[in-house]
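The values are calculated or read from the model by the stated rules, or taken from the named source; none is laboratory data. Computed from a predicted model, the values in this text were never measured in an experiment. Don't worry about glycine lacking a Cβ; one is built from the backbone with ideal geometry, like all the others, and counts go over all protein chains shown. The area values use the complete protein model at the heavy-atom level, side chains included, leaving out ligands, DNA and RNA. Shrake-Rupley method; radii C 1.70, N 1.55, O 1.52, S 1.80 Å.
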Amino acid sequence: MTTPLTGSPEGSPPSGAQTLRKGFNLRSATALAFADVSPIVALYAIFTLGLLAAGPGFWWAFPIVLAGQLLVACVFGELASRWPYEGSVYQWARHVQGPGAGWFSAWAYMWGLTIALSTLSYGAAGFLLQAFGVDEPSGAATMATALAILALGSLANIVGRGTLKVLVIASLIVEVIASVGLSTVLLLFYRENPVSILFEGIGGAPLLGAPLLAATAYVGWSFVGFESAGSIAEEVEKPEKDVPKALIFSLAAVGAIVMYSAAGLILAIPDMDAAADGDPVASTLVHHF
């Protein structure tokens with residue numbers, strides 16, 4: 001069922017309004033936002049860029065960005081508690097600034113999601129093809145695989161929330177095991193560098209302002225997607241209380257895992273000077289495993 005765009009500015013839709021069926025609770029809404037941010041994507045998509053910009057000390061960009069994004073999550077949580085409607089960014093902008101702001105926010109948000117999902121699917125296609133033994137896939141093969149990933153993801157959303165919840169939980173379990181498990185193994189058995197290297201810039205130079213600012217700009221793209229918990233607000237059982245919690249809990253969980261994983265990878269890089277010449281994540285894992 002659909003939900004009208006009009007309603008009480010303080011939360012629940014007016015009496016007689018159509019509402020969506022409740023199918024999410026705090027745990028499943030948090031899991032959805034967690035999977036949407038994705039610690040693996042949050043880390044591996046920007047690891048090389050951060051290392052090139054500021055050296056191993058770029059790790060400090062993660063807690064800086066996380067602190068700022070937690071403030072954003074608190075603002076989004078306040079908005080979600082007042083207007084727990086399906087649509088998150090669109091609904092919040094519409095109620096705060098009016099229909100014009102809502103339309104523009106939705107337009108920008110949809111294009112942002114379209115570009116982000118396409119980019120992630122293209123990147124995932126390369127990993128998937130390599131997993132099946134295709135070391136140097138052609139552009140056509142990568143594009144076809146990316147389109148197949150997009151199609152399957154769209155189908156999972158169309159089928160219904162039951163299928164989506166199963167896939168989200170599976171994704172969460174796999175990502176946590178892969179991120180935390182791999183980083184723990186690296187820290188315990190394959191550490192190559194002292195912890196002090198986390199305070200060094202490029203080539204062992206002091207970590208100064210400009211490189212760290214550049215790394216912070218890259219890392220800023222890591223912690224996005226937590227607002228997706230607000231996109232399903234009307235399907236959450238207690239949206240006024242649980243959606244704000246889901247926003248903050250998911251972001252905090254991803255941030256903790258990403259910082260732990262990044263530290264594990266940085267401390268396990270066998271040759272820091274040569275790491276920036278290629279893919280430091282892949283070269284480190286290949287070297288140790």
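The number of residues in region 188-214 that are within 21 Å of LEU285 (Cβ to Cβ), open to solvent by less than 50 Å² (accessible area, probe 1.4 Å) and either of a type in the set (D, E, K, R) or part of a helix (DSSP H, G or I) (or both) comes to 2. Only a single criterion out of (1) touching a Leu at 6+ places or on another chain (Cβ under 8 Å); (2) closer than 21 Å to ASP279 by Cα is not satisfied by LEU128, namely (1). Just a yes or no: is a residue in region 215-226 open to solvent by less than 60 Å² (accessible area, probe 1.4 Å), in a helix (DSSP H, G or I), touching a Ser or Thr at 6+ places or on another chain (Cβ under 8 Å) and not hydrophobic (A, V, I, L, M, F, W, C)? No - not one qualifying residue is present in region 215-226. Answer with yes or no whether ALA246 is open to solvent by 60 Å² or more (accessible area, probe 1.4 Å) and of a type in the set (Gly, Ala, Ser). Criteria not met by ALA246. Inside region 150-191, residues that are farther than 24 Å from PHE34 by Cα and in contact with a His (Cβ under 9 Å, 6 or more places away or on another chain) make up a count of 2. Keeping to region 231-283, report how many residues are outside any loop (DSSP other than H, G, I, E, B), in contact (Cβ under 8 Å) with a residue 40 or more places away in the chain and farther than 30 Å from GLN91 by Cβ. Counting residues in region 231-283 that are outside any loop (DSSP other than H, G, I, E, B), in contact (Cβ under 8 Å) with a residue 40 or more places away in the chain and farther than 30 Å from GLN91 by Cβ gives 15. You will find that of TYR109, TYR90, the residue that is closer than 28 Å to LYS22 by Cβ, buried (at least 20 other Cβ atoms within 10 Å of the Cβ) and not hydrophobic (A, V, I, L, M, F, W, C) is TYR90 and no other.
In region 162-179, of all residues being of a type in the set (S, T, N, Q) and under 17 Å from GLY225 (Cβ atoms), the one that is surrounded by the most Cβ atoms within 10 Å (Cβ to Cβ) corresponds to SER179.
Taking region 58-164 and the helices (runs of 4 or more DSSP H) fully enclosed by it, the elements with 1 or more residues that are in contact with a Gly (Cβ under 7 Å, 6 or more places away or on another chain) are at 61-82, 89-97, 139-159.
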